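Structure first, then comments.
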Amino acid sequence: EGVRADRTGQAMPSAVANYSQWSLESVTPVTRHSALFAFSSSDLKRGTPHPRGRGRMAEPVTWHTTLLAEVGPNAEGPLPWVERDYTPVSSAKEWEQGRCEMLIKVYADGAATSWLHSASPQRV
């Protein structure tokens, strides 16, 4: 699953159709170089990070999500988007309920984190 981020409102290319839409609800600074980003989603395509089938796992499993950020021209390739993987600090159950929090280190020259840190709460 991925978090769909498109600042211009343009449709993402169909090659990334498995991304779901999330809204940035709040940004809470934690340190000078990190913040807690809280997202919400009513997009049912978000699915679950832990498909069930053989019962519940006894131990929690570390999981990650991929952010697709529309940053404009960049050195990573010809498209105006970059992908970054983050490990949420919220649970898989919270993801299933449409909430996700990620503690992210913000790099001043980082394409995705500087874009995300400068975003005000909005649909990303």
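The values are calculated or read from the model by the stated rules, or taken from the named source; none is laboratory data. On a predicted model such as this, the values are computed, not experimentally measured, just so you know. Neighbour counts are summed over all protein chains in view; Cβ atoms, including those assigned to glycine, are modelled from backbone coordinates with ideal geometry. All accessible areas refer to the heavy atoms of the entire protein, side chains included, with ligands and DNA or RNA removed. Shrake-Rupley method; radii C 1.70, N 1.55, O 1.52, S 1.80 Å.
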Output for the range 67-82, where each listed residue is surrounded by fewer than 16 Cβ atoms within 10 Å (Cβ to Cβ) and outside any loop (DSSP other than H, G, I, E, B): ASN74, GLY77
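Given the options ARG52, ARG4, name the one that is within 21 Å of SER118 (Cα to Cα) and either among the acidic types (Asp, Glu) or at pLDDT below 90 (or both). Break it down into steps so the answer makes sense when it comes.
Working: ARG52 fails: within 21 Å of SER118 (Cα to Cα).
Testing whether each residue is within 21 Å of SER118 (Cα to Cα) and either among the acidic types (Asp, Glu) or at pLDDT below 90 (or both) leaves just ARG4.
Residues of the range 92-108 being assigned to a strand (DSSP E or B) and open to solvent by 40 Å² or more (accessible area, probe 1.4 Å), which ones? Write out each step before concluding.
Of the range 92-108, the ones assigned to a strand (DSSP E or B) are 99-105.
Selection gives ARG99, GLU101, LEU103, LYS105.
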May I ask you to say which residue of VAL30, VAL89 is part of a strand (DSSP E or B), at pLDDT 90 or above and open to solvent by 30 Å² or more (accessible area, probe 1.4 Å)? VAL30
Is it the case, given these coordinates, that THR62 is under 14 Å from GLU96 (Cβ atoms), at pLDDT below 80 and not in a strand (DSSP E or B)? no
